[in-house]
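The values are calculated or read from the model by the stated rules, or taken from the named source; none is laboratory data. Keep in mind that this is a model prediction, so the values were computed, not measured. A quick note on method: Cβ atoms are made from the backbone with ideal geometry, for glycine too, and the neighbour counts reach across all protein chains shown. Surface accessibility is based on the protein's heavy atoms, side chains included, excluding ligands, DNA and RNA. Shrake-Rupley method; radii C 1.70, N 1.55, O 1.52, S 1.80 Å.
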Amino acid sequence: MEALDVARWQFGITTVYHFIFVPLTIGLAPLVAIMQTIWYRTGNDAWLRLTKFFGKLLLINFAIGVVTGIVQEFQFGMNWSEYSRFVGDIFGAPLAVEGLAAFFIESTFLGLWIFGWDRLPKKVHLLTIWMVAIGVNLSAYFILAANSWMQHPVGAVYNPETGRAEMENFAAILTNNTLLAAFPHTIGTAFLTAGTFVAGIAAWWMVKTARSGNTELARTLWRPAIGLGLVTIVAAGAVVALSGDTQAKLMFEQQPMKMAAAEAHCDGEEGVPFSILTIGDLSNSCEGVNHILQIPGGTSFLAAGDFNAFLPGINDVQAQYEQQFGEGINYSPNLMVTYWSFRLMIGMAAGSAALALAALWLLRKGRVSDKNWFKWVALLAIPTPFLGASFGWIFTEMGRQPWVVAPNPTGVDMVRMLTQDGVSAIVPTWQVLTSLLAFTAVYTALGIVWFTLMKRYTRVGAPEVNAAEIGPVAADKPLTFAY
């Protein structure tokens, strides 16, 4: 393998691994803030117990997410130094704002929240967790601004003297229509992940508690948590569906090759069906692709809101790109990856839907369930939105290939870059491979630590609390992890 191949594998592995933790942090922080707000407003200690229980899981997830995210930014200056040289003036700006503003907000106020239970007034302490929730979502916005610029560059000009892209309008980058479509979709996915996480764990505990004979505790502690998770799942699912439709229509316009590859749609035609199952050769060639299960006109409707709309295929876009950007390059991404990651991204939502439907039926009219099968449905549903989010990013990034900065010929001239041109010219393959193996080993160890801690503190359950001790009443109490 060449350095380019290994560098791509390294960035792909570290990115997917890091993003396992990101959606849970983004979605769970506001949910923990809601739990604490309900306790503050009602005085119901069950919500305080839930706040501390899910808050501890949030802290574990946040810590691992921070550690795994740092590695990505180092790669920009090492493995991808040519990319950084070309677009660093633009790409670095939103990342700098994220680090200097949003991340400082979330990390500072998270520290105050952890150690401020018995040192800050209740109202001030409640404010700290809401600042964490705001901070993590601000972080997401600025990081998505950088990524959306790679998908659809705006607010930049090409300087022929330096051979670099230079920022012209930072406001345009922060209001990129690609960003405005991606942000609600990503945040909706994060809330879907967190809602499934809360509902799944609470359902597991409810069944376990009810089967032990303590039906009242199952009703007063765990059933309300399931309700919060279900409301989140339903609301987030609607946001994901609507924003996904908007994002798909925008992608058909801005990156037609990506969406043609997602459907293994080879030649332009009217009334393009949506492919549910395709067999045959899904390599970078369209030869042998056989669609055996389709929804008539589905892709045309997804792209243009018209079941009979004409859509160009892979071969049409390839010919167009050869004319615009030069011959001798295969401008289509890996069809196997884009086709199946797109479907798995959508299909994994079935796990959250199954949990919601089962819970809504079993818990109707104030009931509590002790059905053992429901406990296992809840556990099996928890990883599905994590997987769906990961497949979504695999589709987004792999579908952009062979571009690391996709062209925007209608708005920004010459600000584009092929992935092969972004890799460092001086870092040898063996060095990238060594760091890839090292990071994979370290990340595997961190993954084991994360899973062990999450499992341990989940099985411990919601702690007993004494609301009278909340507030600035024990300033001499020694600091301990997670209150």
Next item on the list: Taking the residues in region 242-277 that are open to solvent by 20 Å² or more (accessible area, probe 1.4 Å) and charged (D, E, K, R) as candidates, determine which candidate is nearest to the chain's Cα centre (by Cα).
Entry: 245
Checklist line | Matching residues, region 355-387, being more than 15 Å from residue 195 (Cα to Cα), open to solvent by less than 20 Å² (accessible area, probe 1.4 Å) and not polar (S, T, N, Q) | finding: 363, 374
Note to self: Checking the structure you have, find out if any residue of region 97-112 is surrounded by fewer than 22 Cβ atoms within 10 Å (Cβ to Cβ) and outside any helix (DSSP H, G or I).
What the structure shows: no
Check: How many residues, within region 148-194, are of a type in the set (A, V, I, L, M, F, W, C), open to solvent by less than 20 Å² (accessible area, probe 1.4 Å) and in a loop (DSSP other than H, G, I, E, B)?
Finding: 0
Margin query: Please pick out the residue among 85, 119 that is open to solvent by 60 Å² or more (accessible area, probe 1.4 Å), at pLDDT below 90 and of a type in the set (Lys, Arg).
Written below: 119
Margin query: Quick check on my filter: what residues within region 261-271 are in contact (Cβ under 8 Å) with a residue 60 or more places away in the chain and outside any loop (DSSP other than H, G, I, E, B)?
Written below: 261, 262
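Pull up region 307-352, narrow it to residues that are of a type in the set (D, E, K, R) and part of a helix (DSSP H, G or I), then point me to the one that is least open to solvent (accessible area, probe 1.4 Å). Break it down into steps so the answer makes sense when it comes.
Kept after step one, since they are of a type in the set (D, E, K, R), are these residues of region 307-352: 316, 322, 327, 343.
Subsequent filtering for residues that are part of a helix (DSSP H, G or I) retains 316, 322, 343.
Values: 316: 65, 322: 64, 343: 29 Å².
The qualifying residue least open to solvent (accessible area, probe 1.4 Å) is 343.
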Margin query: Cβ contacts < 7 Å: first residue on the phi > 0 side of the Ramachandran plot and buried (at least 17 other Cβ atoms within 10 Å of the Cβ), restricted to region 406-435; second residue at pLDDT 90 or above and β-branched (Val, Ile, Thr), any location; separation 6+ or different chain. Result?
Written below: none
Checklist line | Odd one out for residue 401 among (1) under 21 Å from residue 262 (Cβ atoms); (2) not hydroxyl-bearing (Ser, Thr, Tyr); (3) not in a loop (DSSP other than H, G, I, E, B) | finding: (3)
Next item on the list: Could you figure out which of (1) under 30 Å from residue 439 (Cβ atoms); (2) open to solvent by 20 Å² or more (accessible area, probe 1.4 Å) isn't true of residue 69?
Entry: (2)
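For the condition assigned to a helix (DSSP H, G or I), open to solvent by 10 Å² or more (accessible area, probe 1.4 Å) and more than 30 Å from residue 169 (Cα to Cα), what is the one hit in 37, 15?
Numbers: 15 fails: more than 30 Å from residue 169 (Cα to Cα).
Selected residue: 37, the only one of 37, 15 that is assigned to a helix (DSSP H, G or I), open to solvent by 10 Å² or more (accessible area, probe 1.4 Å) and more than 30 Å from residue 169 (Cα to Cα).
Just to check your reading of the model, which residue among 299, 232 is assigned to a helix (DSSP H, G or I), more than 23 Å from the chain's Cα centre (by Cα) and under 30 Å from residue 177 (Cβ atoms)?
On the way: 232 fails: more than 23 Å from the chain's Cα centre (by Cα).
Checking each option against the conditions leaves just 299.
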Note to self: Within region 228-241, does at least one residue satisfy the condition of being open to solvent by 20 Å² or more (accessible area, probe 1.4 Å), hydroxyl-bearing (Ser, Thr, Tyr), touching a helix residue (DSSP H, G or I) at 6+ places or on another chain (Cβ under 9 Å) and modelled with pLDDT of 90 or more?
What the structure shows: no
Checklist line | Qualifying residue in region 458-465 (condition: modelled with pLDDT of 90 or more and acidic (Asp, Glu)) | finding: no
Notebook entry, point to check: Of the residues 86, 74, 54, which single one is assigned to a helix (DSSP H, G or I), of a type in the set (Phe, Trp, Tyr) and either under 29 Å from residue 384 (Cβ atoms) or in contact with a helix residue (DSSP H, G or I) (Cβ under 6 Å, 6 or more places away or on another chain) (or both)?
Noted result: 54
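Condition check ((1) farther than 28 Å from residue 189 by Cα; (2) of a type in the set (A, V, I, L, M, F, W, C)) across all residues:
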position	(1), (2)
388	no, no
393	no, yes
401	no, no
405	no, yes
419	no, no
425	yes, yes
Note to self: Looking at region 280-298, I want the residues that are at positive phi and at pLDDT below 70 and have a partner that is in a loop (DSSP other than H, G, I, E, B) and surrounded by 13 or more Cβ atoms within 10 Å (Cβ to Cβ) with Cβ atoms under 7 Å, at least 6 apart or on another chain. Which pairs are those?
What the structure shows: 280/289; 288/280; 288/281
